[in-house]
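For reference, the structure discussed in these notes is given below.
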Amino acid sequence: MDDLFGDVISEYSREDALLDGVLIDVTLVAIQAGFPVLTLISFNLEAEFEVDRDAELLKFFTALRTLIRGLKDDPSMIKLKDYPLPNGPRDIFMEVDGTPSITVMLAEDI
């Protein structure tokens with residue numbers, strides 16, 4: 001493929017990231033919070049939920065859903081600055097694509 005930057009020499013897909021453990025599928029928990037689509041989080045974000053992972057993730061996604069409902073636009077990338085996480089506030093990003101799926105990650109994972 002020729003483009004502005006030349007031929008692609010390497011690709012890293014979502015499937016590759018899931019197999020490598022870089023992304024974690026948390027769809028079952030996210031469905032309980034009202035996200036009825038494939039939902040992935042970064043390995044680093046998952047590490048924030050150490051004590052009772054599923055209960056903490058359910059609380060996280062429920063609060064996230066409430067925040068999203070308040071948005072006027074329907075952006076494909078949402079940045080939440082200093083979002084409260086179990087180990088302290090962190091910047092997180094939520095990407096919504098046309099698959100449909102949601103990927104949530106820490107700022108340093110982008």
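Readers should treat all values here as calculations from the given coordinates under stated rules, not as data from a laboratory. Quick caveat, the model's predicted, so the values are computed rather than measured. Quick reminder, even Gly has a Cβ in these numbers, built from the backbone with ideal geometry, and neighbours come from all protein chains shown.
Annotations
- Packing-based order for 80-87, 58-65, using average beta carbon neighbours within 10 Å, highest first: 58-65, 80-87
- Val26 long-range amide H proximity, modeled H, under 5 Å: Thr39, Leu40, Ile41
- C-alpha long axis of helix 53-69 to longest principal axis of the chain, angle in °: 80 degrees
- Surrounding net charge for Glu56, when Lys and Arg each add one and Asp and Glu each subtract one, Cβ distance under 11 Å: -3
- Three principal axis lengths of region 35-80 [C-alpha, angstrom, descending]: 34, 20, 17
- Rounded, prolate or oblate (a/c below 1.5 giving rounded, otherwise prolate when a/b exceeds b/c) for region 14-109 by Cα gyration tensor: rounded
- Sequence of Ile9, Ile92 once ranked by neighbouring C-beta atoms within 10 Å, starting from the fewest: Ile9, Ile92
- Whole-number D in µm²/s for region 51-102 (Stokes-Einstein; Kirkwood sum over Cα pairs; 10 °C, 1.306 mPa s): 131 µm²/s
- Computed from backbone phi with θ = phi - 60° and the Karplus coefficients 6.51, -1.76 and 1.60, the 3J(HN,Hα) list for region 76-91 is 8, 10, 10, 10, 10, 7, 6, 5, x, 10, x, 9, x, x, 9, 7 Hz; x is used for glycine and proline.
- Panel order for Met77, Met94, by other beta carbons found within 10 Å of each beta carbon, from fewest to most: Met77, Met94.
- Arranged from fewest to most other beta-carbon atoms within 10 Å of their beta carbon, Ser42, Ser10, Ser101 become Ser10, Ser101, Ser42.
- Cut-off under 5 Å, modelled amide H: who pairs with Arg90 long-range: Asp82, Tyr83, Leu85
- The length gained on full extension between Asp7 and Arg53, counted as 0.36 nm times the residue separation minus their Cα-Cα distance, comes to 12.4 nm.
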